[in-house]
Amino acid sequence: MSSCCVSFIHLKDKCPRPRGLLNLLITKACMLALLFGALWAVTGSECLPGGKVFGIIIIFISAVLGGRLLGLVRLPRLPPLPPLLGMLLAGLVLRNVPYVTDAVYVDAHWSAALRNMALSVILARAGLGLDPSALRRLKAVCVRVAVGPCVLEACLVAVVSHFLLELPWEWGFLLGFVLAAVSPAVVVPSMLLLQKEGYGTEKGIPTLLMAAGSFDDILAITGFSTCLGVAFSTGSTWMNVLKGLLEVVGGIVSGLLVGMFLCLFPSVDQEDLVLTRTFLLLAFSIFSVFFTHVIGSSGAGGLCTLVLAFLAAVGWGAEKAAVAAMLARCWDVFQPLLFGLIGAEITIATLSINTVGLGVAVIGIGLLLRLLATFVLVHGAGFVLKERLFIAIAWLPKATVQAAIGSKALDTARDEGDEVNIQFGLDVLTLAVLAILITAPIGALGIGLAGPRLLTQQVKGCEAGGGATTQDCQSQDPVICESRL
């Protein structure tokens, strides 16, 4: 036995070992094969083509590959295209390719449940990401950028969609708040890239937009939650509005109570503190979203999750960073599922050309107002004309929130079996997908192109010598400038 072990050790040292990409591919393929084998052993035919589990697995793998492939597309001096766009297109292709559609079956209830879980993760991350100190010292311009464009676009989209798409007023405002949210998944990476290169940092433009993005999304989700409660209520309009407001209050109060619980439990002397906190935060978030959906108060679940995550983060202090890191790993799993399943909800053959055309018009009109409103609202904040124009361009892209809540109304309508509301829900989902497809690449490329042209670059070497910009250094004596750099 010992001689065999010695021989194996010598043979192991002499045999070449695959490394790098080859090793990664073999490892991932082995993991997928083992996972599939375990699922097949448990679920049987459901894990074969045409089964529910098989459809979810294929969409997940396709979305991951779609995101990776799109991430490989790199243009000189431009930020990479957001991977979520590739994930969305992967689901769209799987849904609309003949024969593949028959094999990749996705159960509507499973899809809704997974998308609601992804929504819970998004809301929990948003709540953790809010900085209380930033809230206290928030400047008026940040409030204007976060609130003004969102509310104005939501109201205009509601009016335009009511007359063009013949949506009821409550559905028009619901659609407006779906489309009004900006996408941190597109804005934040682009701002970090510009910040790294020193563009706009002298006046804090990247920081301003990253901070305002979180508040913009929370406002949009709050407005959507209120409108969702009104849209599926029966009775008089005033009673429906009151019910929606009560859902908002109920969600906030519930979030405060659960958040206080998370501040106290588990105590800091417990083992596996970070893991336990992450589990409880996710469990409460998912339970809030699903429970409020079951009792017919869907609007309260999202607000409850936002509030409980924010309050828990306040109680945890600096220790929230470890929980946020674990939630980010969870999002790596749910992001391809969310965007892949959203893409798989759209059947191109059933889309009305009239709906698509008018929907693009609604989106375009809303974006135009958003551009103008943002440009006007940052006036008087110390920005020059070019910087104001850049801020307006950077406030265009939409993706994450649209994918998270765009199908929520459709899922609720399907549960109630109301054919009229199901059609309204399909219209809302269609416009949410169109908004992602149109604005995500345009926004990412627009930020990458406009940033170096419209923003002043802060040179690190000159910063030590008095905060001079590149243009300042170039206008000086080359010998002096070289010494400062």
Filter result (part of a helix (DSSP H, G or I), among the polar types (S, T, N, Q) and touching a helix residue (DSSP H, G or I) at 6+ places or on another chain (Cβ under 6 Å)) within the stretch 260-316:
278, 285, 288, 292, 298, 305
Looking at the stretch 271-302 only, could you name the residues that are within 20 Å of the chain's Cα centre (by Cα) and β-branched (Val, Ile, Thr)?
278, 286, 289
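Per-residue answers, yes or no, for (1) open to solvent by less than 10 Å² (accessible area, probe 1.4 Å); (2) under 27 Å from residue 85 (Cβ atoms):
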residue	(1), (2)
380	no, no
384	no, no
391	yes, yes
394	yes, yes
412	no, yes
Residue within the stretch 383-398 that is assigned to a helix (DSSP H, G or I) and closer than 15 Å to residue 346 by Cβ present
no
Could you give me the residue pairs with C-beta distances under 9 Å whose first residue belongs to the stretch 392-413 and is without any contact (Cβ under 8 Å) to a residue 24 or more places away in the chain, whose second residue is basic (Lys, Arg) and assigned to a helix (DSSP H, G or I) wherever it lies, and which are 6+ apart or on separate chains?
392/370
Considering each of 371, 358 in turn, give the residue that is assigned to a helix (DSSP H, G or I), in contact (Cβ under 8 Å) with a residue 60 or more places away in the chain and open to solvent by 40 Å² or more (accessible area, probe 1.4 Å).
358
Residue that is modelled with the highest pLDDT, among those in the stretch 188-221 that are over 22 Å from residue 382 (Cα atoms), under 18 Å from the mean Cα position of the chain (by Cα) and not acidic (Asp, Glu):
220
Taking residue 213 as meeting all but one of (1) under 30 Å from residue 412 (Cα atoms); (2) without any contact (Cβ under 8 Å) to a residue 24 or more places away in the chain; (3) not hydrophobic (A, V, I, L, M, F, W, C), write down the number of the exception.
(2)
Which members of the stretch 278-310 meet the condition of being of a type in the set (A, V, I, L, M, F, W, C), in contact (Cβ under 8 Å) with a residue 60 or more places away in the chain and open to solvent by 40 Å² or more (accessible area, probe 1.4 Å)?
286, 290, 310
Odd one out for residue 342, checked against (1) open to solvent by 60 Å² or more (accessible area, probe 1.4 Å); (2) among the aliphatic types (A, V, I, L, M); (3) modelled with pLDDT of 90 or more:
(1)
Sort out which residues of the stretch 202-247 are of a type in the set (Val, Ile, Thr) and crowded, with 20+ Cβ neighbours inside 10 Å, and write them in order of number.
205, 218, 221, 226, 230
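The values are calculated or read from the model by the stated rules, or taken from the named source; none is laboratory data. The structure presented is a predicted model; accordingly, all values stated were derived computationally and were not measured. Note: ideal-geometry Cβ built from the backbone for every residue, glycine included; neighbour counts use all protein chains shown. The area values use the complete protein model at the heavy-atom level, side chains included, leaving out ligands, DNA and RNA. Shrake-Rupley method; radii C 1.70, N 1.55, O 1.52, S 1.80 Å.
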